[in-house]
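First up is the structure itself, then whatever we jot down about it.
The values are calculated or read from the model by the stated rules, or taken from the named source; none is laboratory data. As the structure is a prediction and not an experimental result, all values here were calculated from the model. As a convention, Cβ positions derive from the backbone with ideal geometry for all residues, glycine included, and neighbour counts pool all protein chains shown. These area figures cover heavy atoms from the full protein model, side chains too; ligands, DNA and RNA do not enter into them. Shrake-Rupley method; radii C 1.70, N 1.55, O 1.52, S 1.80 Å.
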Amino acid sequence: MSLILGIDLGTTNSLAAYMTPAGPVVVRDASGNALVPSVVAFGEGGVTVGAAARAHAVENPLATIYSVKRLMGKGLADVGGDLKYLAYPVVAGRGGMACVKVAGREITPQELSAAVLREVKARSEAAIGAEIRQAVITVPAYFDDSQRQATRDAGRIAGLEVRRIVNEPTAAALAYGLGRKGDSTIAVYDLGGGTFDISILRISGGVFQVLATDGDTHLGGDDLDMELIELIASEIRDRLGRDMAFPPATRQAMRNFAEAAKIRLSSQDQARIEIDLGAAGRLERTITREEFEARAAKWVDHTIEHCRSALAGAGLTADRIDQVVMVGGCTRIPLVSRRVGEFFARVPYTAINPDEVVAMGAAVQAGILAGVQRDTLLLDVIPLSLGIETLGGAMGKLIMRNSTVPCQASETFTTYAAGQTSVDIHVLQGERELARDCRSLGRFQLRGIPPMPAGAPRISVTFLIDANGILNVSARELRSGREAGVQITPAHGLTSGEVDAMVKESYTHAIADLTEHRLIDLRNEAGRILAAIDKAVAEVGAVMSPAQRAAMDEAVGDLKAKMEGGDPDALYAAMKAANEAAMPLTQMQMDQVLQKTVMGRKIDEV
Ligand code: ADP
Ligand code: MG
């Protein structure tokens with residue numbers, strides 16, 4: 001039986017786990033690291049992903065793509081507020097889809113996420129020792145259909161059949177085995193690198209229902225890093241006696257220091273920072289946990305406010321929560337677990353590494369699908385209601401949020417004008433009453449309705465949601481039997497044809513291919529140069545001084561070595577050097593050729 005990988009595709013970090021008869025196992029590299037930073041960097045040597053790409057951000061901020069999860073399945077108009085957090089250019093692609101402009105081309109968020117997934121897949125294959133073709137991928141509970149489809153498409157581009165998209169809080173609950181022993185109501189508190197999510201789940205008879213979600217898409221570990229950066233920066237300014245703006249590379253270095261200090265303060269009472277200030281000496285500073293907590297408190301308070309409103313949204317009070325599950329690297333901060341514990345009056349679950357718990361839960365779900373684990377029934381629910389726009393711009397809901405999947409719903413609509421032969425159907429997702437306040441998932445047209453008086457046609461619209469939570473819409477005019485050929489593509493998604501094309505010419509391969517192509521061309525050219533030099537040595541070698549000859553032999557030797565190597569730039573440089581070293585020969589040959597030509601002409605002219 002083929003293995004199904006469980007993948008947590010995070011805003012900051014991604015990782016995978018897989019199910020074994022003994023339970024879920026997290027994929028780690030040789031040094032024990034599970035996390036792959038969700039960063040893709042485009043450099044001269046090609047595309048890098050993960051920790052290497054993240055380190056690259058200092059030199060090349062415009063070509064280092066992070067937080068791409070914020071763009072998934074969105075139009076440029078929807079990401080407006082996010083743009084100021086992204087250093088790289090985001091542009092409107094086809095149909096207004098938010099795309100990243102990098103390395104001279106527009107790349108979709110799906111392709112960028114696919115690069116991260118491909119890295120996670122490759123690491124997993126190396127660790128497990130088998131090819132992996134299927135996966136379960138997690139998404140935030142509030143992700144709409146278009147964001148979920150984009151995630152699925154990213155999986156397909158990476159060569160993975162996405163068997164199920166699972167909500168992150170559901171996965172966290174699964175990792176703890178919650179819901180296997182009776183019904184319960186749980187709170188999942190997830191504080192990651194740049195986002196905070198609080199979800200209230202009701203698990204009843206194996207069905208996971210999202211009662212409420214709340215949070216802040218711009219609150220996380222990054223804000224705590226900023227607090228420490230500000231602390232360091234203000235001391236550097238004091239030291240230098242002037243207000244100064246730090247160049248990006250310095251800010252990035254400060255960020256690295258700040259994050260390391262923050263992480264150390266989770267397990268130690270103090271962290272030491274040493275920064276070389278050049279002429280101004282060194283800044284050495286010990287930051288205590290109290291100092292950090294004083295600065296972190298306001299952010300933690302914000303998260304508690306969101307917990308309060310999530311509870312209100314679910315119509316519950318804190319004492320109705322049976323368990324609290326901690327997710328995300330930042331919940332390792334002692335202040336965070338203390339405050340969350342106080343608020344819910346429960347000791348939060350922290351036994352499983354908070355940055356691995358979602359991947360573990362995805363592996364549990366994968367195990368259920370693969371039949372490894374049989375005793376858990378898991379049904380997912382629709383996170384947001386689905387419907388269509390009706391007369392006057394209202395939202396007509398067909399499937400209510402929290403319906404379990406798979407499910408189907410139909411409703412009959414009619415025409416508004418006499419003789420109307422086509423209707424536009426606008427598919428929406430959201431809880432608001434007006435179409436304009438809901439997310440537009442796409443539009444399609446039902447054509448060829450026989451002309452009838454207004455209100456006479458009976459158009460039946462059917463929404464079918466498969467077990468993956470993916471929507472299929474069909475429409476049929478009942479009197480004429482006319483059916484609309486509906487392929488619903490989310491307004492900011494990819495068509496299946498586009499996904500197929502991306503699978504075929506996956507851009508990382510394309511760039512790798514380009515490098516390979518260039519190497520082949522350069523090697524051919526270098527071969528021609530070497531042959532020409534050999535010929536010149538045979539013909540006019542005697543004109544060179546011993547020093548010129550030694551320099552040329554060295555350049556030729558270096559060129560031969562570079563031809564064996566894989567670095568096109570180094571090869572190109574060696575070619576130029578060899579050409580220059582052979583210049584006296586070339587010059588002499590040219591002279592001879594000129595002479596011959598002149599002589600030849602003379603002969604011809606005779
Ligand atoms: P996401 O779900 O957003 O992809 P993670 O759950 O991996 O992200 O969380 C990443 C954040 O957690 C980063 O800000 C990182 O600095 C922080 N973090 C990781 N380990 C610790 C720790 N031991 N103490 C405090 N913060 C931590
Ligand atoms: Mg996460």
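For the set LEU434, LEU316, solvent exposure ranked by accessible area (probe 1.4 Å, protein chains only) runs largest to smallest as LEU434, LEU316. Computed from point charges on the beta carbon alone (+1 for Lys and Arg, -1 for Asp and Glu), the dipole magnitude for region 386-493 about its Cα centre is near 120 Debye. The largest accessible area among LYS101, LYS181, LYS262 belongs to the first residue in LYS181, LYS101, LYS262, and the rest follow in falling order (1.4 Å probe, all chains).
You can think of it this way: the chain between ALA126 and ILE275 has 49.8 nm of extra reach, that is 0.36 nm per residue less the Cα-Cα gap.
Accessible surface of TYR142, taken over heavy atoms with a 1.4 Å probe and every protein chain present, rounds to 80 Å². Each listed q (0.08 Å⁻¹) maps to a log10 I(q)/I(0) for the chain, found by the Debye formula over equal Cα scatterers with no solvent: -0.69. As a calculated quantity, the FRET efficiency between ALA345 and ASP29 at R0 = 45 Å, using C-beta atoms, amounts to about 0.70. For region 1-70 and region 383-398, write down the distance between their C-alpha centroids in whole Å. Each part's Cα centre sits 38 Å from the other's. Applied to region 58-75, the Karplus parametrisation 6.51 cos²θ - 1.76 cosθ + 1.60 on θ = phi - 60° returns per-residue 3J(HN,Hα) values of 5, 7, 9, x, 6, 10, 10, 9, 10, 6, 5, 4, 5, 9, 4, x, 10, x Hz, with x for Gly and Pro.
Taking 0.36 nm per residue of separation and subtracting the Cα-Cα distance, full extension of the segment from SER2 to ARG237 would add 78.8 nm.
Dividing the mean sequence gap of close Cα pairs (under 8 Å, 6+ apart) by how many residues region 243-317 holds gives a relative contact order of 18 percent. With Rh defined as the Kirkwood radius, the inverse of the mean 1/r over Cα pairs, the Rg/Rh of region 1-73 is 1.07. Take the Cα of ASP466, step 7 Å toward its Cβ, do the same at ARG432, and the gap between the two points is 3.1 nm. Placing unit charges on the Cβ atoms only, positive for Lys and Arg and negative for Asp and Glu, gives region 253-336 a dipole magnitude near 160 debye about its Cα centre. Counting heavy atoms of the protein chains alone, VAL68 has an accessible area of about 10 Å² for a 1.4 Å probe. Compared with the dominant principal axis of the Cα atoms in the chain, helix 221-240 is inclined by about 50°.
Ranking THR138, LEU530, SER460 by how far each Cα lies toward the positive end of the dipole of the chain (charges on Cβ) leaves SER460 at the top. Placing a pseudo-label 7 Å from each Cα along the Cα-to-Cβ vector at ARG458 and ASN60 gives an inter-label distance of 6.3 nm.
Label sites at GLN408 and THR421, each approximated as a point 7 angstrom past Cα along Cα to Cβ, lie 3.1 nm apart.
Each of ALA17, TYR66, THR317 was placed along the dipole of the chain (beta-carbon charges, centred on the mean Cα), and the one lying farthest toward the positive end is THR317. Summary value for region 121-273: 14 percent relative contact order, contacts being C-alpha pairs under 8 angstrom separated by 6+ residues. Protein-only accessible surface at a 1.4 angstrom probe places the residues SER422, SER146 in the order SER422, SER146, largest first. Computed from backbone phi, the HN-Hα couplings of region 162-174 come to 8, 6, 7, 9, 10, 5, 4, x, 4, 4, 4, 5, 4 Hz, rounded to whole numbers (Karplus: 6.51 cos²θ - 1.76 cosθ + 1.60, θ = phi - 60°; Gly and Pro given as x). All other residues whose Cβ lies under 14 angstrom from that of GLY221 are scored, Lys and Arg at +1 and Asp and Glu at -1, for a net of -3. If we count every other residue with Cβ under 12 angstrom of ARG458's Cβ, Lys/Arg +1 and Asp/Glu -1, where does the sum land? Taking every Cβ under 12 Å from that of ARG458, the sum is +1. Taking all C-alpha pairs of region 386-493, those more than 25 Å from each other amount to 18 percent.
Expressed as a whole percent, the accessible surface of the chain that belongs to carbon and sulfur atoms is 52, based on a 1.4 Å probe. Seen against the Cα atoms of the chain and their longest principal axis, helix 357-370 is set at about 80 degrees. Here the Karplus relation 6.51 cos²θ - 1.76 cosθ + 1.60, evaluated at θ = phi - 60°, turns the backbone of region 279-285 into coupling constants of 4, 7, x, 10, 9, 10, 8 Hz, with x for every Gly and Pro.
Computed over protein heavy atoms with a 1.4 Å probe, the accessible surface of the chain works out to 45 Å² per residue.
Surface calculation, 1.4 Å probe, protein heavy atoms: GLU431 sits at approximately 70 Å² accessible. Near LEU211, the amide H atoms lying under 5 Å from its own belong to ILE200, LEU201, ARG202; only residues 5 or more places off or on other chains count, and H is placed 1.01 Å from N.
Based on every Cα atom in region 246-308, Rg and the maximum pairwise Cα distance Dmax equal 14.5, 50 Å.
Computed from Cα atoms, the angle from the helix 109-128 axis to the main principal axis of the chain rounds to 80 degrees. Computed from the Cβ-Cβ distance with R0 of 60 Å, the FRET efficiency linking ASP322 to ARG523 stands at 0.35.
Between ARG180 and SER267, the FRET efficiency estimated from the beta carbon spacing at R0 = 45 angstrom works out to 0.90. Computed on the chain, with alpha-carbon pairs under 8 angstrom and 6+ residues apart, the relative contact order is 13 percent.
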